[in-house]
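**Q** Here you go, one structure.
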Amino acid sequence: MTTVTVPRPTRQDPSPAAPASRDRRLPAAVRHTSRWLLYAALLFIFVTPLWSIAAAALSGTTVAPGSFVIFPEEMTLRNIIDTWGSERIARYFLNSLVVVGLGVPLQTAVSAFAAYALARKRFRGGAIVLLLIMATMMMPEEVIAIPLYLVLSDLPPFGVSLLNTYPGMILPLVGWAFSIFVLMKFMQEIPREMEEAARVDGAGDFTLFWRIIIPCVKPALGVVTVFGFLMIWDQYLLPLIVAQDTEMFTLQIALLNLRQDDMIPLGIVMSAALLALLPSVIVYLLLQRYFQTGITSGAVKG
């Protein structure tokens with residue numbers, strides 16, 4: 001029996017492979033180092049001014065104007081105690097609390113009603129109304145300073161002057177385009193089936209607004225409340241226009257006056273600045289959950 005041997009195919013050399021692509025990613029150590037350097041730079045930029053203010057407020061020695069304090073010398077709470085016990089600063093702080101305590105609820109309520117009308121109602125000229133509202137965000141406050149002063153000094157059609165009053169510092173802040181826009185976008189995402197089902201059950205506009213719309217936009221309400229508080233609390237130009245008497249000054253105006261008074265130590269001024277920062281921090285901590293939820297919800301929907 002003849003055995004036939006089948007020749008095995010010769011293995012050909014593979015074609016020259018393409019040069020391996022070089023890994024363009026940086027080494028892990030370099031990436032981590034760069035990340036921590038970036039974090040350190042951001043921390044330095046944002047924390048250093050606050051640290052310097054606190055160090056100057058806690059310093060027991062006289063701080064020269066314009067100096068940068070890193071560590072307080074002869075640490076003491078005397079400046080903070082004197083600031084909290086000052087009748088003048090207490091009056092300025094009370095004025096700011098009154099303005100923001102009445103302005104934020106009014107601003108949030110007006111913005112919610114306006115956003116509901118723009119988002120859930122269809123009427124002729126709605127797009128023009130929205131355009132006019134958004135146009136107010138494009139004008140700097142300095143542009144309307146003189147017209148605002150004239151209006152507040154002789155409020156038509158009553159001819160009443162709102163200068164040197166709390167309403168004069170509150171009413172111009174009630175309508176804010178940012179709050180209206182944010183709430184309107186959230187309300188537009190609510191399914192109309194929920195509204196139709198509620199109307200079948202006999203719900204009116206106010207019941208629908210209060211029981212259906214508002215619970216669905218709580219995260220957005222947290223966002224506009226935090227931003228509204230910061231906007232009203234940090235107001236400088238409007239109180240400067242309205243307040244004619246030092247008894248009506250807010251804390252922000254008082255800080256400038258304290259800074260310009262050479263008889264007041266810089267430590268007292270820095271303590272007053274810390275006092276001005278405290279309400280903003282408290283409001284953010286209280287509404288942090290709603291604020292973060294609203295921001296992330298808007299990012300996902302956007």
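Read-outs throughout are calculated quantities, based only on the coordinates presented, and are distinct from any laboratory measurement. No experiment lies behind these values; they were computed from the predicted model shown. Cβ coordinates were reconstructed from backbone atoms using ideal geometry, including for glycine residues, and neighbour counts include every protein chain displayed.
**Q** Please find, in a Gaussian network model of the chain (springs between Cα atoms separated by less than 10 Å), the residue of Arg31, Arg124, Arg91 whose mean-square fluctuation is greatest.
**A** Arg31
**Q** Here is a further query. Mind sorting Leu266, Leu163 by how few other Cβ atoms lie within 10 Å of their own Cβ, fewest first?
**A** Fewest-to-most ranking of Leu266, Leu163: Leu163, Leu266.
**Q** For the chain, modelled as a GNM with alpha-carbon contacts under 10 angstrom, which of Thr33, Thr76, Thr250 fluctuates the most?
**A** In the Gaussian network model the winner is Thr33.
**Q** I need Ile45, Ile133 ordered by Cβ neighbour count within 10 Å, fewest first.
**A** The most exposed by this proxy come first: Ile45, Ile133.
**Q** Another question about this same structure. Given just the C-alpha atoms of the chain, how large is their convex hull per residue in cubic angstrom?
**A** Value for the chain: 342 Å³ per residue.
**Q** Treat each spin label as a single point 7 Å out from the Cα along the C-beta direction, and report the Asn257 to Leu43 distance in nm.
**A** So the two model labels end up 4.0 nm from each other.
**Q** Would you order Leu221, Leu277 from fewest to most other beta-carbon atoms within 10 Å of each residue's own beta-carbon?
**A** Leu277, Leu221
**Q** Taking only C-alpha pairs under 8 Å that are 6+ residues apart, what is the relative contact order of region 159-289 in percent?
**A** 31 percent
**Q** Using modelled amide H (1.01 Å from N, peptide plane; none on Pro or chain starts), what sits under 5 Å from the amide H of Leu155, excluding residues fewer than 5 places away?
**A** Sorted by chain and number, the residues that satisfy this are Val160, Ser161, Leu162.
**Q** Kyte-Doolittle cut-off 0.5, length cut-off 30 Å along the helix's own axis using Cα: show which whole DSSP H helices in the chain pass.
**A** Result, helices passing both filters: 28-57, 87-120, 266-286.
**Q** Charges at C-beta only: +1 for Lys and Arg, -1 for Asp and Glu. How large is the resulting dipole of the chain about its Cα centre, in Debye rounded to 20?
**A** 1780 debye
**Q** Using Cα pairs under 8 angstrom and six or more residues apart, how large is the relative contact order of region 70-223, in percent?
**A** After rounding, I find 30 percent.
**Q** While we're looking at this one, here's another question. So what's the projected area for region 183-281, the Cα convex hull averaged over all directions, in nm²?
**A** Computed as one quarter of the Cα hull surface, the answer is 9.1 nm².
**Q** Moving on. Among Val281, Val30, Val151, whose mean-square fluctuation peaks in a Gaussian network model of the chain (Cα, cutoff 10 Å)?
**A** Evaluated over the chain, the most mobile residue of the options is Val30.
**Q** Please state the relative contact order of the chain as a whole percent: Cα pairs under 8 Å, 6+ residues apart?
**A** Taking the mean separation of contacting Cα pairs over the length of the chain, I get 26 percent.
**Q** Okay, next question. Along each of the three principal axes of the Cα atoms of region 73-121, give the extent in whole Å, ordering the values from largest to smallest.
**A** 63, 23, 8
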